[in-house]
């Protein structure tokens, strides 16, 4: 398995640590389904690491399937979920639950009174399993100590004007 090193985000001692894989956040899967991310860009971001998904992500995507407003939207979302399910779904076990408890208490003690529970479970899973988290919402995770965050590039918006810097 490939390994990558990087600096974890958060108010912890900054040091390199080995990463054994990548946990893909819901935001990335949604962007793939909407064709907002180039598969090559995601592959480059993952740096050859084995990609995992979480039961949390599966639940969030299934929620979107169930809330689809049209049959076309439902099929597109279900197809995306089927694709996601081809990746290994990493278990939330006692080690992840302990990490969640540690992170939750640390953030509470630092004054973070509101946090999306799903994000904290993803972060706890990534930390407990030595995975990086690939997300399009890094601000949701920046204050989590010990978490390595990678952000894949988005495709340029259709019809977006080219600036001199992009030529």
Pick out the one residue from 133, 122 that is in contact with a strand residue (DSSP E or B) (Cβ under 9 Å, 6 or more places away or on another chain), more than 14 Å from residue 103 (Cα to Cα), crowded, with 18+ Cβ neighbours inside 10 Å and modelled with pLDDT of 95 or more. 133
Looking at 18, 95, which is the one that is surrounded by 14 or more Cβ atoms within 10 Å (Cβ to Cβ) and either over 18 Å from residue 141 (Cα atoms) or touching a strand residue (DSSP E or B) at 6+ places or on another chain (Cβ under 6 Å) (or both)? 95
Hits in the range 60-74 - residues which are within 22 Å of residue 150 (Cα to Cα) and free of Cβ contacts under 8 Å to residues at least 40 places away in the same chain: 61
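Answer yes or no as to whether residue 127 is over 19 Å from residue 31 (Cβ atoms), modelled with pLDDT of 95 or more and in contact with a helix residue (DSSP H, G or I) (Cβ under 6 Å, 6 or more places away or on another chain).
In short, yes.
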Pairs returned, first residue in the range 31-47 that is farther than 17 Å from residue 137 by Cβ, second residue that is at pLDDT below 80, beta-carbon separation under 8 angstrom, 6 or more apart or interchain, are 47/2; 47/4
Determine whether the range 5-21 contains at least one residue that is modelled with pLDDT of 90 or more, under 17 Å from the mean Cα position of the chain (by Cα) and closer than 19 Å to residue 131 by Cα. yes
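The values are calculated or read from the model by the stated rules, or taken from the named source; none is laboratory data. Note that the structure is predicted; figures quoted are calculated from it, not measured. Glycine also receives a Cβ, built like all others from the backbone with ideal geometry; neighbour counts cover every protein chain displayed.
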